[in-house]
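S.K.: Take a look at this one; I'll ask things after.
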Amino acid sequence: MAQKQFSSRTILVITIVIAVLLMVVIWPLSMIGKGSAQSASDADAIYARILPVAKLAYQKPAATAAAGEPRSGEAVYKAVCMACHASGAAGAPKAGDKEAWAPRIATGTDALVASATNGKGAMPPKGGAADLTDDEIKAAVEHLLGLVK
């Protein structure tokens with residue numbers, strides 16, 4: 001017996017009819033139990049679920065002036081300079097290390113203040129604290145030099 005071959009057009013029509021039937025029957029069934037409009041509390045719940053677990057922000061502690069008076073050299077050192085000069089990070093001479101500070105002391109205090117103001121090597125201008133005044137920078141340099149002596 002001879003088998004009947006379906007044409008490609010017939011197969012296409014059958015496929016489209018099946019797809020339309022599936023969409024007409026299955027799609028409405030999938031919506032059962034779901035509200036048509038999303039409430040504000042649902043949106044808030046979704047937002048709470050997708051929030052990151054934690055937020056991390058790096059911030060350098062500010063050396064604040066008390067009542068408009070200039071900060072002491074020690075206060076500036078602790079707030080700004082100590083981050084690198086206590087550990088020797090990025091090639092900074094450690095506070096109190098006479099050998100590391102000897103060639104710098106030989107250049108003079110004015111040259112050290114200029115280096116601290118303008119930046120040198122990995123050190124940014126004013127140690128990264130743009131709000132420092134010239135007097136505060138000079139006081140911080142003198143404090144560092146006092147730690148060496």
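Where a number appears in this text, it was derived from the coordinates with a stated rule and is not lab data. Remember, predicted model here, so these are calculated numbers, not experimental data. Quick reminder, even Gly has a Cβ in these numbers, built from the backbone with ideal geometry, and neighbours come from all protein chains shown.
S.K.: In the Gaussian network model of the chain, springs joining C-alpha atoms below 10 Å, which of VAL24, VAL76, VAL113 carries the largest mean-square fluctuation?
M.R.: Highest fluctuation of the listed residues: VAL24.
S.K.: Quick one: helix 40-50 against the long Cα principal axis of the chain, what's the angle to the nearest 10°, folded into 0 to 90?
M.R.: The two axes meet at around 60 degrees.
S.K.: If each DSSP helix of 4+ residues adds -39,500 (n - 2.57) and the sum is divided by the residues in the chain, what number results at 222 nm, nearest 500 deg cm²/dmol?
M.R.: Values: 7 runs with 77 residues, N = 149.
The helix contribution divided over the chain gives -15500 deg cm²/dmol.
S.K.: Same structure again: Helix 98-107 sits at what angle to the longest principal axis of the chain, using alpha carbons and giving 0 to 90 degrees rounded to 10?
M.R.: It works out to around 70 degrees.
S.K.: In what sequence do ARG71, ARG104, ARG49 fall when counting other Cβ within 10 Å, fewest first?
M.R.: The fewest-first ordering by Cβ neighbours comes to ARG49, ARG104, ARG71.
S.K.: Nearest 10 degrees is fine. How inclined is helix 134-148 to the longest principal axis of the chain, computing both from alpha carbons?
M.R.: 70
S.K.: Then there is this: Rounded to the nearest 20 debye, what is the charge dipole size of region 73-148 about its Cα centre when +1 sits on each Lys and Arg Cβ and -1 on each Asp and Glu Cβ?
M.R.: Computed charge dipole of region 73-148: roughly 260 debye.
S.K.: Principal axis lengths of the chain from Cα atoms, whole Å, largest first?
M.R.: 111, 45, 21
S.K.: Compare THR109, THR117, THR15 in a GNM of the chain, Cα atoms joined below 10 Å, and give the one with the largest fluctuation.
M.R.: Highest fluctuation of the listed residues: THR15.
S.K.: At a Cα cut-off below 12 Å, give the aspartates and glutamates reachable from LYS55, other chains included and same-chain residues fewer than 8 away excluded.
M.R.: none
S.K.: Still on this structure, I have one more. Give me the extension gain from LEU56 to LYS94: residue separation times 0.36 nm, minus the current Cα-Cα distance, reported in nm with one decimal.
M.R.: On the way: separation 38, 0.36 × 38 = 13.68 nm, distance 2.90 nm.
Net length gain for the segment: 10.8 nm.
S.K.: Go through region 77-82 residue by residue and turn each phi into a ³J(HN,Hα) via Karplus (6.51, -1.76, 1.60, θ = phi - 60°); whole Hz please, and just put x for glycine and proline.
M.R.: Each residue of region 77-82 in turn: 4, 5, 7, 10, 7, 4 Hz.
S.K.: Roughly how many debye, to the nearest 20, is the charge dipole of the chain about its Cα centre, given +1 on each Lys and Arg Cβ, -1 on each Asp and Glu Cβ, and no other charges?
M.R.: The dipole magnitude comes to about 900 debye.
S.K.: What do you get when you divide the Cα radius of gyration of region 73-148 by 2.2 N^0.38 Å, with N the number of residues?
M.R.: Compactness ratio reported: 0.95.
S.K.: Rank SER30, SER72, SER41 by mean-square fluctuation in a GNM of the chain with C-alpha springs under 10 angstrom and give only the top-ranked residue.
M.R.: Sorting by GNM fluctuation, first place goes to SER30.
S.K.: Between ALA48 and GLN5, what is 0.36 nm times their sequence separation minus the Cα-Cα distance? Round to one decimal in nm.
M.R.: The ALA48-GLN5 span can extend by a further 9.7 nm.
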